[in-house]
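Have a look at the structure below, then the notes.
Please treat every number below as a calculation from the coordinates, not as lab data. Treat the numbers as computed from the prediction; the structure is a model and nothing was measured. Note that we place each Cβ from the backbone using ideal geometry, even for glycine, and neighbour counts take in every protein chain shown.
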């Protein structure tokens, strides 16, 4: 089967061909649209790829979203993982703090992640002359015990520096997570 299309001010014709092995249906939406070609280089917008196969997966530059906030680390800090990969508090910490990782204020991290997925997140805490530290970690409000680099959780912050806390959160099952954590001093 072939459909020939012509028109406009050119003398060229476009032909659409098909060789179906069974009855096939092509549905044309009731809107203006552009046909996407498999062999064309095109920019797609407003598209969702379901289970795509990506080849040549070489990343040359990765840019991450960061939130910089003139806030002091203290109390329970809500870390919305779908908002940023790095959260940076630039005001000197005023107390030890708990980090609660969640998707957003309305979406749990458990809902956001699938089993066997991981997230790498960083929290930067500015420290003054008196240093404070991340004393507890929760996910969706539930306590977790991270596995800290070197085998021990930090018991203090580092005065007059920026403490960088990195977390790899691995979802191992429904509402089940393994968290790998590290504290690094930058001064």
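Summary table
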| item | result |
| --- | --- |
| Check on residue 130, under 21 Å from residue 186 (Cα atoms) and without any contact (Cβ under 8 Å) to a residue 40 or more places away in the chain | yes |
| Number of positions in the range 137-175 that are under 22 Å from residue 109 (Cβ atoms) and free of Cβ contacts under 8 Å to residues at least 40 places away in the same chain | 9 |
| Hey, residue 78 in contact with a strand residue (DSSP E or B) (Cβ under 7 Å, 6 or more places away or on another chain), surrounded by fewer than 19 Cβ atoms within 10 Å (Cβ to Cβ) and assigned to a loop (DSSP other than H, G, I, E, B) or not | no |
| Hits in the range 16-44 - residues which are exposed (fewer than 10 other Cβ atoms within 10 Å of the Cβ) and touching a strand residue (DSSP E or B) at 6+ places or on another chain (Cβ under 6 Å) | 17 |
| Close pairs from the range 25-36: first touching a residue at least 40 places away in the same chain (Cβ under 8 Å), partner assigned to a loop (DSSP other than H, G, I, E, B) and surrounded by 10 or more Cβ atoms within 10 Å (Cβ to Cβ), Cβ under 6 Å, at least 6 apart | none |
| Failed condition for residue 93, given (1) surrounded by 14 or more Cβ atoms within 10 Å (Cβ to Cβ); (2) part of a loop (DSSP other than H, G, I, E, B); (3) free of Cβ contacts under 8 Å to residues at least 60 places away in the same chain | (3) |
| Residue in the range 138-147 that is farther than 15 Å from residue 98 by Cα and out of contact with any helix residue (DSSP H, G or I) (no Cβ under 9 Å at 6 or more places or on another chain) present | yes |
